[in-house]
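A.B. asks: Take a look at this one; I'll ask things after.
The values are calculated or read from the model by the stated rules, or taken from the named source; none is laboratory data. Remember, it's a predicted structure, so these values are computed and weren't measured experimentally. Don't worry about glycine lacking a Cβ; one is built from the backbone with ideal geometry, like all the others, and counts go over all protein chains shown. The protein model used for the area step is the full one, side chains on, heavy atoms only, and it has no ligands, DNA or RNA in it. Shrake-Rupley method; radii C 1.70, N 1.55, O 1.52, S 1.80 Å.
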Amino acid sequence: MKRLTTIFICATLTMAFFATFSCTSNKEIPDNLTAKELIQKGQESFEKSRQKDALRYFNAVIDRYGTDPALYIEARYEIGHIYMKKKNYEAAVPVLEELIDLYAHYPVGTFPPSYEKLAKLELAKIPENKLAEIHEKQREKEAALEKAQKSVDLQEELQQSPQDQNAETELPAESEKSEEPAASSDSNEAESSVSDPK
(Lines give C-alpha, C1' and ligand atoms only; values in the text may rest on other atoms or scores of the structure.)
Protein backbone atom coordinates (compact mmCIF):
# COMPACT_ATOMS: atom_id res chain seq x y z
CA MET A 1 0.00 0.00 0.00
CA LYS A 2 2.83 2.36 0.90
CA ARG A 3 4.49 1.59 -2.44
CA LEU A 4 1.31 2.42 -4.40
CA THR A 5 1.01 5.72 -2.55
CA THR A 6 4.62 6.59 -3.42
CA ILE A 7 4.06 5.74 -7.10
CA PHE A 8 0.86 7.81 -7.14
CA ILE A 9 2.61 10.82 -5.59
CA CYS A 10 5.53 10.55 -8.03
CA ALA A 11 3.16 10.30 -10.98
CA THR A 12 1.17 13.30 -9.77
CA LEU A 13 4.30 15.40 -9.30
CA THR A 14 5.58 14.39 -12.74
CA MET A 15 2.29 15.38 -14.37
CA ALA A 16 2.28 18.68 -12.45
CA PHE A 17 5.84 19.36 -13.59
CA PHE A 18 5.03 18.77 -17.26
CA ALA A 19 1.79 20.72 -17.01
CA THR A 20 3.63 23.70 -15.53
CA PHE A 21 6.36 23.82 -18.15
CA SER A 22 4.18 23.02 -21.13
CA CYS A 23 1.68 25.77 -20.33
CA THR A 24 3.58 28.25 -22.49
CA SER A 25 2.79 26.22 -25.60
CA ASN A 26 -0.91 25.99 -24.66
CA LYS A 27 -1.18 29.67 -23.83
CA GLU A 28 -3.34 31.63 -26.23
CA ILE A 29 -1.68 34.17 -28.46
CA PRO A 30 -2.99 37.68 -27.71
CA ASP A 31 -5.24 39.05 -30.45
CA ASN A 32 -3.71 42.51 -30.31
CA LEU A 33 -0.25 41.47 -31.58
CA THR A 34 0.74 42.86 -34.96
CA ALA A 35 2.15 40.63 -37.66
CA LYS A 36 5.67 41.87 -37.01
CA GLU A 37 5.30 41.21 -33.28
CA LEU A 38 4.09 37.68 -34.00
CA ILE A 39 7.03 37.07 -36.31
CA GLN A 40 9.43 38.47 -33.72
CA LYS A 41 7.97 36.24 -30.99
CA GLY A 42 8.17 33.26 -33.34
CA GLN A 43 11.84 33.94 -34.05
CA GLU A 44 12.57 34.42 -30.33
CA SER A 45 10.82 31.14 -29.52
CA PHE A 46 12.81 29.35 -32.21
CA GLU A 47 16.08 30.76 -30.85
CA LYS A 48 15.12 29.43 -27.41
CA SER A 49 14.52 25.97 -28.94
CA ARG A 50 10.76 26.23 -28.48
CA GLN A 51 9.81 25.12 -31.97
CA LYS A 52 6.17 24.38 -31.14
CA ASP A 53 5.68 27.91 -29.86
CA ALA A 54 7.49 29.31 -32.88
CA LEU A 55 5.22 27.34 -35.22
CA ARG A 56 2.17 28.63 -33.35
CA TYR A 57 3.29 32.23 -33.80
CA PHE A 58 4.04 31.80 -37.51
CA ASN A 59 0.74 30.02 -38.09
CA ALA A 60 -0.99 32.87 -36.26
CA VAL A 61 0.58 35.29 -38.76
CA ILE A 62 -0.91 33.25 -41.60
CA ASP A 63 -4.32 32.95 -39.91
CA ARG A 64 -4.58 36.63 -39.03
CA TYR A 65 -2.59 38.39 -41.76
CA GLY A 66 -2.30 35.76 -44.51
CA THR A 67 -4.01 37.94 -47.08
CA ASP A 68 -0.89 40.13 -47.15
CA PRO A 69 1.39 38.31 -49.63
CA ALA A 70 4.65 39.48 -48.03
CA LEU A 71 3.60 38.37 -44.55
CA TYR A 72 2.28 35.05 -45.84
CA ILE A 73 5.55 34.32 -47.64
CA GLU A 74 7.67 35.29 -44.62
CA ALA A 75 5.66 33.16 -42.19
CA ARG A 76 5.58 30.16 -44.55
CA TYR A 77 9.33 30.41 -45.05
CA GLU A 78 9.91 30.50 -41.29
CA ILE A 79 7.74 27.38 -40.89
CA GLY A 80 9.72 25.58 -43.61
CA HIS A 81 12.97 26.70 -42.01
CA ILE A 82 11.92 25.26 -38.64
CA TYR A 83 11.09 21.93 -40.27
CA MET A 84 14.48 21.93 -41.98
CA LYS A 85 16.29 22.59 -38.68
CA LYS A 86 14.38 19.68 -37.15
CA LYS A 87 15.33 17.59 -40.22
CA ASN A 88 11.62 16.98 -40.79
CA TYR A 89 12.06 17.01 -44.54
CA GLU A 90 8.63 15.54 -45.27
CA ALA A 91 7.02 18.59 -43.66
CA ALA A 92 9.56 21.08 -45.04
CA VAL A 93 9.44 20.08 -48.72
CA PRO A 94 5.77 20.95 -49.40
CA VAL A 95 6.14 24.31 -47.65
CA LEU A 96 9.33 25.29 -49.47
CA GLU A 97 8.07 24.04 -52.83
CA GLU A 98 4.85 26.00 -52.33
CA LEU A 99 6.93 29.17 -51.90
CA ILE A 100 8.95 28.48 -55.05
CA ASP A 101 5.72 27.79 -57.00
CA LEU A 102 4.20 31.05 -55.80
CA TYR A 103 7.22 32.97 -57.07
CA ALA A 104 7.00 31.14 -60.41
CA HIS A 105 3.31 31.91 -60.94
CA TYR A 106 3.09 35.54 -59.84
CA PRO A 107 4.60 38.67 -61.37
CA VAL A 108 8.06 39.72 -60.20
CA GLY A 109 7.79 42.09 -57.25
CA THR A 110 4.63 40.53 -55.83
CA PHE A 111 6.64 38.91 -53.01
CA PRO A 112 9.86 39.84 -51.20
CA PRO A 113 12.66 38.46 -53.42
CA SER A 114 14.85 37.00 -50.67
CA TYR A 115 12.51 34.18 -49.64
CA GLU A 116 12.61 32.51 -53.04
CA LYS A 117 16.40 32.23 -52.82
CA LEU A 118 16.23 31.08 -49.20
CA ALA A 119 13.63 28.41 -50.02
CA LYS A 120 15.79 27.10 -52.88
CA LEU A 121 18.85 27.02 -50.62
CA GLU A 122 16.92 25.07 -47.98
CA LEU A 123 15.67 22.54 -50.54
CA ALA A 124 19.21 22.08 -51.86
CA LYS A 125 20.26 20.87 -48.40
CA ILE A 126 17.99 17.82 -48.66
CA PRO A 127 19.77 14.71 -50.01
CA GLU A 128 18.53 13.85 -53.52
CA ASN A 129 17.45 10.33 -52.59
CA LYS A 130 15.42 11.68 -49.65
CA LEU A 131 13.82 14.31 -51.88
CA ALA A 132 12.92 11.65 -54.46
CA GLU A 133 11.41 9.50 -51.70
CA ILE A 134 9.33 12.44 -50.44
CA HIS A 135 8.08 13.22 -53.95
CA GLU A 136 7.09 9.57 -54.43
CA LYS A 137 5.13 9.64 -51.16
CA GLN A 138 3.43 12.86 -52.26
CA ARG A 139 2.40 11.25 -55.58
CA GLU A 140 1.02 8.24 -53.70
CA LYS A 141 -0.96 10.51 -51.37
CA GLU A 142 -2.31 12.50 -54.31
CA ALA A 143 -3.34 9.30 -56.10
CA ALA A 144 -5.05 8.03 -52.94
CA LEU A 145 -6.86 11.36 -52.51
CA GLU A 146 -7.95 11.33 -56.14
CA LYS A 147 -9.24 7.76 -55.76
CA ALA A 148 -11.10 8.70 -52.57
CA GLN A 149 -12.63 11.73 -54.29
CA LYS A 150 -13.82 9.57 -57.18
CA SER A 151 -15.38 7.19 -54.66
CA VAL A 152 -17.17 10.07 -52.92
CA ASP A 153 -18.38 11.42 -56.27
CA LEU A 154 -19.68 7.98 -57.27
CA GLN A 155 -21.49 7.59 -53.94
CA GLU A 156 -23.11 11.01 -54.36
CA GLU A 157 -24.12 10.12 -57.90
CA LEU A 158 -25.63 6.83 -56.75
CA GLN A 159 -27.52 8.58 -53.95
CA GLN A 160 -28.90 11.10 -56.42
CA SER A 161 -29.89 8.45 -58.97
CA PRO A 162 -32.68 6.88 -56.88
CA GLN A 163 -34.01 10.34 -56.08
CA ASP A 164 -33.94 11.22 -59.78
CA GLN A 165 -35.74 7.98 -60.63
CA ASN A 166 -38.35 8.65 -57.94
CA ALA A 167 -38.84 12.15 -59.27
CA GLU A 168 -39.28 10.82 -62.82
CA THR A 169 -41.83 8.21 -61.73
CA GLU A 170 -43.74 10.80 -59.70
CA LEU A 171 -43.94 13.34 -62.51
CA PRO A 172 -46.11 11.29 -64.89
CA ALA A 173 -48.48 10.37 -62.07
CA GLU A 174 -48.88 14.05 -61.16
CA SER A 175 -49.40 15.08 -64.77
CA GLU A 176 -52.00 12.34 -65.20
CA LYS A 177 -53.83 13.68 -62.14
CA SER A 178 -53.77 17.19 -63.53
CA GLU A 179 -55.06 15.97 -66.88
CA GLU A 180 -57.95 13.99 -65.33
CA PRO A 181 -59.67 16.98 -63.75
CA ALA A 182 -59.24 18.91 -66.98
CA ALA A 183 -60.81 16.06 -68.91
CA SER A 184 -63.64 15.69 -66.43
CA SER A 185 -64.31 19.42 -66.42
CA ASP A 186 -64.47 19.38 -70.22
CA SER A 187 -66.97 16.52 -70.10
CA ASN A 188 -68.97 18.37 -67.41
CA GLU A 189 -69.12 21.44 -69.68
CA ALA A 190 -70.18 19.29 -72.57
CA GLU A 191 -72.83 17.59 -70.44
CA SER A 192 -74.10 20.91 -69.14
CA SER A 193 -74.34 22.36 -72.63
CA VAL A 194 -76.13 19.24 -73.88
CA SER A 195 -78.49 19.04 -70.94
CA ASP A 196 -79.26 22.74 -71.00
CA PRO A 197 -81.66 23.14 -73.90
CA LYS A 198 -81.77 26.95 -73.68
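A.B. asks: What is the range 45-152 by shape, rounded, prolate or oblate, if you read a ≥ b ≥ c off the alpha carbon gyration tensor as root eigenvalues and call it rounded for a/c under 1.5, prolate for a/b larger than b/c, and oblate otherwise?
C.D. replies: Here the range 45-152 falls in the rounded category.
A.B. asks: Is there a pair in Lys48/Lys141; Lys36/Lys85; Lys48/Lys130; Lys120/Lys150; Lys86/Lys141 whose C-alpha atoms are over 25 Å apart, and which pairs would that be?
C.D. replies: Values: Lys48/Lys141 35 Å; Lys36/Lys85 22 Å; Lys48/Lys130 28 Å; Lys120/Lys150 35 Å; Lys86/Lys141 23 Å.
Distance filter (> 25 Å) returns Lys48/Lys141; Lys48/Lys130; Lys120/Lys150.
A.B. asks: Sticking with this one: Which shape class applies to the range 110-155: rounded if a/c is under 1.5, otherwise prolate when a/b exceeds b/c and oblate if not, where a ≥ b ≥ c are the square roots of the Cα gyration tensor eigenvalues?
C.D. replies: Verdict is oblate for the range 110-155.
A.B. asks: Round to the nearest 0.05 the FRET efficiency obtained for Thr67 and His105 when R0 = 25 Å and r is the Cβ-Cβ distance.
C.D. replies: 0.90
A.B. asks: Compute the accessible area per residue over the range 64-117, keeping the other protein chains in place, probe 1.4 Å, unit Å².
C.D. replies: Value returned for the range 64-117: 53 Å² of accessible area per residue.
A.B. asks: Using a Förster distance of 41 angstrom, determine the FRET efficiency expected from the C-beta separation of Gln160 and Gln40, and round it to 0.05.
C.D. replies: 0.20
A.B. asks: What does the C-alpha gyration tensor say about the overall shape of the range 80-128? Classify as rounded when a/c is under 1.5, otherwise prolate if a/b is larger than b/c, or oblate.
C.D. replies: Cα axes put the range 80-128 in the prolate bin.
A.B. asks: Run the quick spin-label model on Lys87 and Glu140: label points 7 Å from Cα toward the beta carbon, then report their separation in nm to one decimal.
C.D. replies: 2.2
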